[in-house]
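Beneath this line is the structure, given in structure tokens, with notes to follow.
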Amino acid sequence: MKELVNIFSPAITALIGAIVGACLQYYFTRKNDEKKQLSSIKKEVYSEFINAIKDAKFNGDISLLASSRAKLAIYGSDEVVKKSADFFRNHSKLSSEKSIQAFTDIIGEMRTDNGKKNGNAEHNDLECLVFGAK
């Protein structure tokens, strides 16, 4: 009996190791795929939100704004949601320098959430890209 244990012990250990390895690989691959998918959704939601704000400012079209705000509430990071809520609490529209600055802060937070280091992008540059040159 002891001989059987000695014979099958390495095989059983290898089998258990292979099963554990496969399970770990599946788990980490799935987590990575979920993270990529969420990142992709966030980028789309953030772009839609910025475009909806631009349409509201330049064309008076607010049709996409409610939908984009709802998506932002679901998929936005905590900081993006907080800054966006503060923006809508304090600014009814993009009509002042302060409101544009607050909106540019939201864009900076969106960049940070998407892995960008916001330190190299100046507020004025972001504002120029979104709203045009002053």
Out of LEU15, LEU65, LEU94 - ranked by how far each Cα lies towards the positive end of the dipole of the chain, with unit charges on the beta-carbon of charged residues - the top one is LEU15
Summing +1 for each Lys or Arg and -1 for each Asp or Glu, what net charge is found among the other residues whose Cβ lies under 10 Å from the Cβ of ASP61?
+1
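Using only alpha carbons, build the gyration tensor for the chain and give me the equivalent ellipsoid semi-axes, biggest first, whole Å.
Square roots of five times the eigenvalues give 52, 15, 11 Å.
Throughout, read-outs are computed from the coordinates displayed, never taken from laboratory work. Quick caveat: nothing in here was measured; it's all calculated off a predicted structure. Note that each Cβ is placed from the backbone with ideal geometry, even for glycine, and that neighbours are counted across all protein chains shown.
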